[in-house]
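Here is the structure we will look at, set down as structure tokens.
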Amino acid sequence: MIIKRFLIILFLLILPIAAFAHPHLVIHSSCEFQFDGLVLDGVWIEFRFDRYFSGDIFSGYDLDQNKIFDKSETIEVYENAFINLKNYGFFIRIRNESERTSPKEVENFSLYAKGDNIIYRFYVDLDNREDRELYISICDPTFFCAISYEEEKPVHFKDAASVNPDYEIIENSDFPVHYDPLAPAGETGSYNEWRPGLQTFYPEEIHLAF
């Protein structure tokens with residue numbers, strides 16, 4: 001059974017382009033790593049959406065049109081325009097050598113407006129990680145959404161006085177993602193191996209060391 005992409009129907013209502021090209025939606029992301037002493041507790045993820053998608057969220061869920069999302073409005077967005085990302089690992093891949101995993105749950109979802117853009121914010125628990133490094137990438141493996149890191153300050157640190165964290169963002173050519181650029185909007189998917197007709201991109205990883 002084909003799983004509906006999050007907000008495909010809403011998005012196609014507002015985007016006047018062909019439904020047979022990738023990507024359809026642009027997201028800029030950033031990470032704020034939260035420490036507890038020498039331990040990495042988790043990471044706050046932010047998604048800043050393009051003005052088209054943001055406009056749809058404003059019109060569909062900001063009922064009083066004040067660009068502030070109260071508790072009930074936030075719940076509506078969470079249930080109708082966020083939680084289906086669970087089926088795509090919330091666009092997060094954490095790599096340990098050749099193994100990549102995605103969080104099954106996230107916490108503390110909220111959203112806010114920054115000008116004409118909607119920003120989602122949520123927390124990923126890293127289980128009090130004691131490893132001194134972490135590789136994490138944020139991407140849509142189907143390339144339905146084009147995700148890149150914020151140009152200014154893509155990585156932040158919280159309560160990091162006891163450590164000396166550093167990071168770099170690198171394209172990992174050992175872990176390609178293959179996708180079908182001509183797949184209909186409701187039938188996007190990703191592929192582990194390349195075949196004729198597929199295109200390839202290489203997700204950029206944040207390599208955190210502390």
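Coordinate-derived values only; no laboratory data. Because the structure is a prediction, the values reported are computed rather than measured. Here the Cβ is made from the backbone with ideal geometry for all residues, glycine too, and neighbour counts use every protein chain on show.
Structure above, values below:
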| read-out | value |
| --- | --- |
| Simple Cβ-charge dipole of the range 69-130, Lys/Arg +1 and Asp/Glu -1, about Cα centre, in debye nearest 20 | 220 |
| Virtual spin-label span in nm between Glu79 and Phe175, 7 Å along Cα→Cβ | 3.5 |
| Packing-based exposure ordering (other Cβ within 10 Å, fewest first) of Asp180, Asp36 | Asp36, Asp180 |
| Relative contact order %, the range 8-209, counting alpha carbon pairs below 8 Å whose residues are six or more apart | 28 |
| Unit charges at the beta carbon, dipole of the chain: most positive-side option, Ala183, Leu85, Ile138 | Ala183 |
| Karplus 3J(HN,Hα) series, Hz, for the range 101-113 with 6.51 cos²θ - 1.76 cosθ + 1.60 (x for Gly, Pro) | 10, 10, x, 7, 9, 10, 10, 6, 5, 8, 8, 8, 9 |
| Size of electric dipole in the range 36-148: Cβ of Lys, Arg +1 and of Asp, Glu -1, about Cα centre, debye, nearest 20 | 320 |
| Using a Förster distance of 25 Å, the FRET efficiency for His207-Asp127 (Cβ separation, nearest 0.05) | 0.85 |
| Order of Ser162, Ser173 - criterion: other Cβ atoms within 10 Å of each residue's Cβ, fewest first | Ser173, Ser162 |
| Residue order, fewest to most beta carbons within 10 Å, for Asp56, Asp174 | Asp174, Asp56 |
| For the chain, with +1 on Lys and Arg beta carbons and -1 on Asp and Glu, the positive-most of Val155, Gly115, Trp194 along the dipole | Trp194 |
| CD proxy at 222 nm, helix term only [per DSSP H run n ≥ 4: -39500 (n - 2.57); per residue of the chain; nearest 500] | -4000 deg cm²/dmol |
| Cβ charges +1 (Lys, Arg) and -1 (Asp, Glu), total dipole of the chain, debye | 600 |
| Spatially proximal aspartates and glutamates relative to Lys71 (Cα-Cα < 12 Å; intrachain offsets below 8 disregarded) | Asp62 |
